[in-house]
Amino acid sequence: QAVLERIYWRFLPSPPNHFEDMRTLCQEESIKVPKGVKITIKAKNVEVTGKHGSLKRNFKHLPIELWLANGGKEVKARMYFAKSKQLSMLRSVCSHISNLFEGVEKKFEYKLRLVYAHFPINANIVN
């Protein structure tokens with residue numbers, strides 16, 4: 001009888017999870033623009049200019065709205081009818097934009113180290 005119960009439970013459908021199909025009607029995130037940083041948004045192309053240069057990022061592949069609010073002191077991002085996995089995309093966009101702000105405010109230096117395990121690598125520095 002225990003074997004029949006195991007077989008019976010194996011073929012039963014799992015209980016419905018109604019939270020998987022839940023969609024958020026409208027989600028909005030905002031980021032403050034730091035002082036000394038200029039930002040332009042045109043057709044989901046974001047360009048940030050600061051004292052250490054300018055950075056560009058393209059968000060055309062994402063279904064979001066991006067605009068400047070409060071006279072250019074705040075960046076707002078909005079998404080409609082999104083599930084939870086898609087809302088994480090909205091928060092990632094805000095993180096990318098805040099990283100752009102940080103990149104033009106601070107100076108970064110990248111160091112490259114070449115490491116090989118078996119075959120030797122010949123590298124030439126040009127410039």
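The values are calculated or read from the model by the stated rules, or taken from the named source; none is laboratory data. Because the structure is predicted, anything quoted here is derived from the model rather than measured. Here Cβ is always computed from backbone atoms with ideal geometry, including for glycine, and neighbour counts include all displayed protein chains. Ligands, DNA and RNA are stripped out before the accessible areas are found, and what is left, the full protein with its side chains, is counted by its heavy atoms. Shrake-Rupley method; radii C 1.70, N 1.55, O 1.52, S 1.80 Å.
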Discussion item. I'm told Gly72 meets every condition in (1) surrounded by 12 or more Cβ atoms within 10 Å (Cβ to Cβ); (2) not in a loop (DSSP other than H, G, I, E, B); (3) not polar (S, T, N, Q) except one. Can you identify the failing condition by its number?
Written reply: (2)
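Hey, among the residues in the stretch 25-69 that are of a type in the set (Lys, Arg) and either out of contact with any strand residue (DSSP E or B) (no Cβ under 7 Å at 6 or more places or on another chain) or open to solvent by 70 Å² or more (accessible area, probe 1.4 Å) (or both), which one's farthest from Glu105 (Cα to Cα)?
We begin by selecting, within the stretch 25-69, every residue of a type in the set (Lys, Arg); these are 32, 35, 38, 42, 44, 51, 56-57, 60.
From what's left, either out of contact with any strand residue (DSSP E or B) (no Cβ under 7 Å at 6 or more places or on another chain) or open to solvent by 70 Å² or more (accessible area, probe 1.4 Å) (or both): 32, 35, 38, 42, 51, 56-57, 60.
On the way: Lys32: 14, Lys35: 10, Lys38: 11, Lys42: 22, Lys51: 6, Lys56: 14, Arg57: 16, Lys60: 25 Å.
Among residues in the stretch 25-69 that are of a type in the set (Lys, Arg) and either out of contact with any strand residue (DSSP E or B) (no Cβ under 7 Å at 6 or more places or on another chain) or open to solvent by 70 Å² or more (accessible area, probe 1.4 Å) (or both), the one farthest from Glu105 (Cα to Cα) is Lys60.
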Item to complete: List every residue pair whose Cβ atoms sit under 9 Å apart, with the two residues 6 or more apart in sequence or on different chains, where the first one lies in the stretch 28-53 and is farther than 24 Å from Tyr80 by Cα and assigned to a loop (DSSP other than H, G, I, E, B) and the second, anywhere, is open to solvent by less than 60 Å² (accessible area, probe 1.4 Å) and of a type in the set (Phe, Trp, Tyr).
Response: Pro34/Phe101; Val37/Phe101
Practice prompt. Sort out which residues of the stretch 24-81 are in contact with a Phe, Trp or Tyr (Cβ under 6 Å, 6 or more places away or on another chain), hydrophobic (A, V, I, L, M, F, W, C) and over 15 Å from Ser98 (Cβ atoms), and write them in order of number.
Written response: Cys26
Worksheet item: Of (1) within 23 Å of the chain's Cα centre (by Cα); (2) modelled with pLDDT under 90, Pro120 satisfies all except one. Which?
Response: (1)
Worksheet item: What about Ser88, is it open to solvent by 60 Å² or more (accessible area, probe 1.4 Å), among the small types (Gly, Ala, Ser) and free of Cβ contacts under 8 Å to residues at least 60 places away in the same chain?
Response: no
Item to complete: Within the stretch 96-123, work out how many residues are in a loop (DSSP other than H, G, I, E, B) and of a type outside the set (A, V, I, L, M).
Response: 12
Practice prompt. May I ask you to list the residues in the stretch 104-126 that are open to solvent by 100 Å² or more (accessible area, probe 1.4 Å) and closer than 30 Å to Lys38 by Cβ?
Written response: Lys106, Lys107, Phe108, Glu109, Tyr110, Lys111
